[in-house]
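> Here's a structure for you.
The values are calculated or read from the model by the stated rules, or taken from the named source; none is laboratory data. Quantities reported herein were computed from a predicted structural model and do not represent experimental measurements. Every residue, glycine as well, gets a Cβ built from its backbone with ideal geometry; the counts of neighbours run over all protein chains shown. Just the protein is used for accessible areas: all its heavy atoms, side chains included, with ligands, DNA and RNA removed. Shrake-Rupley method; radii C 1.70, N 1.55, O 1.52, S 1.80 Å.
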Amino acid sequence: MTSLLCLPVVVCNLGVEMLYVLEQRLRAQSVSDAKAVKVLHDVTRAMFAPEFVNELFTPQPTYSQAATRQIFDKLAHTSIMRLSESSMDKLYDLMTMGFKFQLATCEKPEDILNVTLLHLATLKSYLTEESVLDAVDAVDAELRATYGAFAKHEWLAMRRELFRFLGNKRVKVSLLLHEKLQLEDGRMRLPVSAPDTRDRSVLGPVGTTRRHDIAGSEQKRTFFSAVSFDDANAGANKKFKGAPKPEIKPGGNMYSHDRQAPDPPAPIQTLEASDGTDGTSSRAAAARDAYGNVRRGNAELLGAADRMAAAAGREARSGIAEMNALAGLIRAPIKTRGGASAGPSEEDTFKLNLFGDLAGGAASGGGGGGGGGG
């Protein structure tokens, strides 16, 4: 049932990636600070509105790419900014490829939540309005409550569903190509891994397979030598060298001018995390297996996703119906009589051409103009 809880991860990560790109392009094209700030706040406010978030976190099937794109079309136009269809195409390419890169560089499936939380923490560094910051904090809390108790097999299923959603999308991004994080055919380069080791506190190099039992305890590791795909003519025996380490942790803003990132969010609470008032683990005295993993009882073995989906009774709800419900909940700010919450008017709106009209083979993610989607 993990697939029924995949959509919040998709929307939160893609949504913040969209705001990263918009922030960079608004700054690069010298849009006034007042208008740029309004765009970021209005889009964030619409994306994290309570009604939208409540429906988003209801267990439901993951949308198709086309349905998800429609949601972000509406979100991008909830403020005074207007985008052409071509700009929206390129924007969505950057959003999905940015998230795909971060997903591919997660060392373990559980890192998906850390990536999502870092997205929110970074977004908050661009916001000033208390009501919008409170909305982001509410989503942060909901993510922790929903996914904090996921077991290893549920995170593995989540990772599989996210890659299924992203499919074989291989748009070249100029920033990733420039930093040697992407190959010329659009595939992502995996990062350098730890050396070959049997130490179970270390994840191991690329090519390591870890096997866990139903309780999440690691039982076995196997290794094989991965080869490099950087050079098609290098031969099958060339060792995997890996990509250079990204300057920004997965979830941070790789388009930021100064490459500074906020402090990582607080670790999530898990079944094995420290939750005692004195800073010690309440499970310290729990029975452990030969590898030091905590043995879980039968009640803990039932997946968190299964429990939530069963409680909601949403196994058969249609994805198309969900898309219509979510799309209908996206609202632009309403203009009040006092003008305190002014919505977009013809006088206020402006058209933003995100990447210019230059032709090219890669979607731009840098500071200058840009090319079309490849």
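> Which FRET efficiency, nearest 0.05, do Q29 and A141 yield, Cβ-Cβ r, R0 35 Å? Can you show the working numbers first?
On the way: r = 35 Å, r/R0 = 1.00.
Efficiency, rounded to the nearest 0.05: 0.50.
> Follow-up question, since we're still on this one. Could you provide, to the nearest whole Å², the per residue accessible area of segment 1-133 with probe 1.4 Å?
Working: 3930 Å² over 133 residues.
With the other protein chains kept in place, segment 1-133 gives 30 Å² per residue.
> What is the calculated FRET efficiency for D348 to L156, with r their C-beta to C-beta distance and R₀ = 41 Å, to the nearest 0.05? Present the calculation step by step, with values, prior to reporting the outcome.
Working: r = 47 Å, r/R0 = 1.15.
According to the calculation, E is roughly 0.30.
> Accessible area of segment 1-61 with a 1.4 Å probe: how many percent of it is carbon plus sulfur?
Values: 960 of 1700 Å².
Answer for segment 1-61: carbon and sulfur cover 56 percent of the accessible area.
> Then there's this: Please compute the contact order of segment 13-136 in relative form: average sequence separation of alpha-carbon pairs under 8 Å and at least six residues apart, divided by the residue count, as a percent. Each step should come with its number before you reach the end.
Working: 74 pairs, mean separation 54.5, N = 124.
About 44 percent, as a whole number.
> Note down the net charge around T209, summing +1 for each Lys or Arg and -1 for each Asp or Glu among other residues with Cβ under 10 Å from its Cβ.
Numbers: positive: R210, R211, K220, R221; negative: none.
Around T209, the surrounding residues sum to +4.
> Can you check what the net charge comes to around K169, using other residues whose Cβ is under 13 Å from the Cβ of K169 (Lys, Arg +1; Asp, Glu -1)?
On the way: positive: R69, K100, R164, R170, K172, R187; negative: D89, D93, D185.
Net charge around K169: +3.
> Give, rounded to the nearest 20 debye, the magnitude of the charge dipole that segment 54-166 has about its Cα centre when Lys and Arg contribute +1 at Cβ and Asp and Glu contribute -1 at Cβ.
Details: 12 positive and 16 negative charges, 93 e Å.
Dipole magnitude for segment 54-166 comes out near 440 debye.
> Which value, to two decimals, describes the C-alpha radius of gyration of segment 3-118 once divided by 2.2 N^0.38 Å? List each step's numbers first, then the result.
On the way: Rg = 14.4 Å, N = 116, 2.2 N^0.38 = 13.4 Å.
Rg over 2.2 N^0.38 Å, computed on Cα atoms: 1.08.
> Q65 to K180: extension gain in nm, 0.36 nm per residue of separation minus the Cα-Cα distance? Don't skip to the end; give the middle numbers.
Numbers: separation 115, 0.36 × 115 = 41.40 nm, distance 2.69 nm.
Answer, rounded to one decimal: 38.7 nm.
> Apply the a/c threshold of 1.5 to the C-alpha gyration tensor of segment 35-175 and tell me whether it is rounded, prolate or oblate.
Numbers: a/c = 1.65, a/b = 1.16, b/c = 1.42.
Taking the square roots of the gyration eigenvalues as a ≥ b ≥ c, segment 35-175 is oblate.
> Oh, and also: Taking R0 as 30 Å, what's the FRET efficiency between S84 and E107 from their Cβ-Cβ distance, rounded to 0.05?
On the way: r = 39 Å, r/R0 = 1.29.
Result of the calculation: an efficiency of 0.20.
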